[in-house]
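The values are calculated or read from the model by the stated rules, or taken from the named source; none is laboratory data. Because the structure is predicted, anything quoted here is derived from the model rather than measured. Backbone-built Cβ (ideal geometry, glycine too); neighbour counts: all protein chains shown. The protein model used for the area step is the full one, side chains on, heavy atoms only, and it has no ligands, DNA or RNA in it. Shrake-Rupley method; radii C 1.70, N 1.55, O 1.52, S 1.80 Å.
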Amino acid sequence: MATFFGAIADDFTGATDLAGLLARSGVSVSLRIGVPAEPPQNTAPLEIIALKCRTSPVDEAVQETQAALQWLKDAGAQRFFWKYCSTFDSTAKGNIGPVAEALMVSLGVSQTIYCPAFPENGRAIFMGNLFVGDQPLSESAMKDHPLTPMRDSNLARLLAPQVTKPVGLANRLSVAKGPASLNDRLSKLASEGVAHVVVDAVANDDLYIIAEACQDMVLLTGGSAVAMPLPELWAKQGRIERSAASGSRSFDPGPAIVLSGSCSAMTNRQVAEFLSKGGPSFRLDPLEIAETGNAKVLNWLAAQNSSVTPLIYATAAPDAVRAAQERLGVDRAGSLIEQTLAACAEEARDSGYRRFVVAGGETSGSVTKALSVSRLIGAEIAPGVPWCFATSQKARIAVTLKSGNFGSEEFFSRALEVLDQ
């Protein structure tokens, strides 16, 4: 089946998030981990390539996304999407803006939109300002993110230093009047030379208006939710077909493990809720790992009774994270944790674990690579979080990759319940 839509995601949880929402349409979705080494074959109408480039140096991120774009072009894609986090996670240099601008050049387009809104998960944009729940982004827990602290809520102000062309806004007043009004606003901005347009959205109805207005744009950018309505629109027009889900959704019998590297406020609450049930747990300390390595946690994992789900976590309060970063440096503190959780995932798989609940974008990337997963097929558990099924060293496993901020406090337990059902 020919590919019509090709998406590039800047981390693995974002890719599974997008896949879960697109799959609601009934159109077949394929999610590939990293740029495939082989030419396109057995492609789906909706193809997603998951990268791990959110915090990469700008040049590396641009190079990797260009390679993904070329693969999607070769697959026949006619519409493209650059997916980033619904909290607009980035640094002053990127990588949201530089990648978007490079994709625009490669695709020969003069304008694109930016809409990270995800109302189902409490992400809204009003007058260009991003809100997390009822808090401006800069006042939310994201201000203390260990890698990409977000200290400004104004998306145009965040984006402008990352790009070379003008940034503008299509506010809610334009969106609420419908697709024609939004198109008029985009056309006016284009006539003024504005290439990068932040678009407001505070409710799901806004997302459908934006999708209808922008469905013919060659390149769109945003969080997963703004892409959600697109397959339905294209299916009604006969551009793509609904079909039975492709790929196996089965997995081998085996116990479950929870691996949590995210330090988001929600993941802290999810870890606390899981710990309150009294199951086995091991907290990773980057300072200790720096001194003695990861043998201690691997030995602990090997000694566990697989009838009870163990939790291995580096989740900690912002002050503890900053203290470790001051001692070790930001990059080393993070890499020690990710390498250790990746080693735990391999040990768990080799010990017979077949269900993996993983929290955190960086953690998900490290774990998925350690398990040598190249393609995922999934079904949604909660908004933006699906169970995915894959093969790792001939073992059929089930994996859920959760963005740090997503899910309810009971997510870890709820995810396992859904899979059991």
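The condition (being touching a strand residue (DSSP E or B) at 6+ places or on another chain (Cβ under 6 Å), at positive phi and small (Gly, Ala, Ser)) is satisfied by just one residue among Gly278, Gly222, Gly293, Gly238: Gly222.
Being open to solvent by 40 Å² or more (accessible area, probe 1.4 Å), in contact with a Pro (Cβ under 6 Å, 6 or more places away or on another chain) and either at pLDDT below 95 or not in a strand (DSSP E or B) (or both) is a description that does not apply to Glu232. Which of the residues spanning the range 28-71 are open to solvent by 50 Å² or more (accessible area, probe 1.4 Å) and closer than 18 Å to Ser224 by Cα? The answer is Lys52, and nothing else. Of all the criteria given as (1) open to solvent by less than 10 Å² (accessible area, probe 1.4 Å); (2) outside any helix (DSSP H, G or I), the one not satisfied by Phe80 is (1). The residue that is nearest to Arg322 (Cα to Cα), among those in the range 160-185 that are open to solvent by less than 30 Å² (accessible area, probe 1.4 Å) and hydrophobic (A, V, I, L, M, F, W, C), is Val163.
When restricted to residues that are touching a residue at least 40 places away in the same chain (Cβ under 8 Å), open to solvent by less than 10 Å² (accessible area, probe 1.4 Å) and not in a helix (DSSP H, G or I), the range 220-229 contains 3.
Of the residues in the range 94-113, at least one is within 27 Å of Thr368 (Cα to Cα) and at pLDDT below 95. Counting just the residues of the range 106-159 that are of a type in the set (Val, Ile, Thr) and closer than 26 Å to Pro229 by Cα, which one comes out surrounded by the fewest Cβ atoms within 10 Å (Cβ to Cβ)? So, considering only residues that are of a type in the set (Val, Ile, Thr) and closer than 26 Å to Pro229 by Cα, the one surrounded by the fewest Cβ atoms within 10 Å (Cβ to Cβ) is Val109. Within the range 83-101, residues that are in a loop (DSSP other than H, G, I, E, B) have Cβ atoms under 6 Å from residues that are open to solvent by less than 10 Å² (accessible area, probe 1.4 Å) and among the acidic types (Asp, Glu) in these pairs: Tyr84/Asp10, counting only partners at least 6 apart in sequence or on another chain. Looking across the range 311-332 at every residue that is closer than 21 Å to Lys369 by Cα and modelled with pLDDT of 90 or more, the one that is most open to solvent (accessible area, probe 1.4 Å) is identified as Arg332. Among residues of the range 378-394 that are more than 17 Å from Ser250 (Cβ to Cβ) and open to solvent by less than 10 Å² (accessible area, probe 1.4 Å), those with a Cβ under 8 angstrom from a residue that is at pLDDT 70 or above and acidic (Asp, Glu), sequence gap 6+ or separate chain, pair up as Gly384/Asp17; Gly384/Glu120; Val385/Asp17.
Which one of these is under 24 Å from Thr363 (Cβ atoms), of a type outside the set (D, E, K, R) and surrounded by fewer than 15 Cβ atoms within 10 Å (Cβ to Cβ): Ala290, Ala256, Ala265? Just a single option satisfies the conditions, and that option is Ala290.
Here is a yes/no grid of residues against (1) in a loop (DSSP other than H, G, I, E, B); (2) closer than 20 Å to Val226 by Cα; (3) not charged (D, E, K, R):
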{"residue": "Lys165", "(1), (2), (3)": "yes, no, no"}
{"residue": "Ser174", "(1), (2), (3)": "no, yes, yes"}
{"residue": "Ser181", "(1), (2), (3)": "no, yes, yes"}
{"residue": "Asp184", "(1), (2), (3)": "no, yes, no"}
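Filtered by the rule that a residue be open to solvent by 40 Å² or more (accessible area, probe 1.4 Å) and under 16 Å from Ala117 (Cβ atoms), the range 186-219 gives Val202, Asn204, Asp205, Tyr208, Glu212. The requirement of being under 30 Å from Ala314 (Cβ atoms), of a type in the set (Ser, Thr, Tyr) and open to solvent by 50 Å² or more (accessible area, probe 1.4 Å) is satisfied by Ser276.
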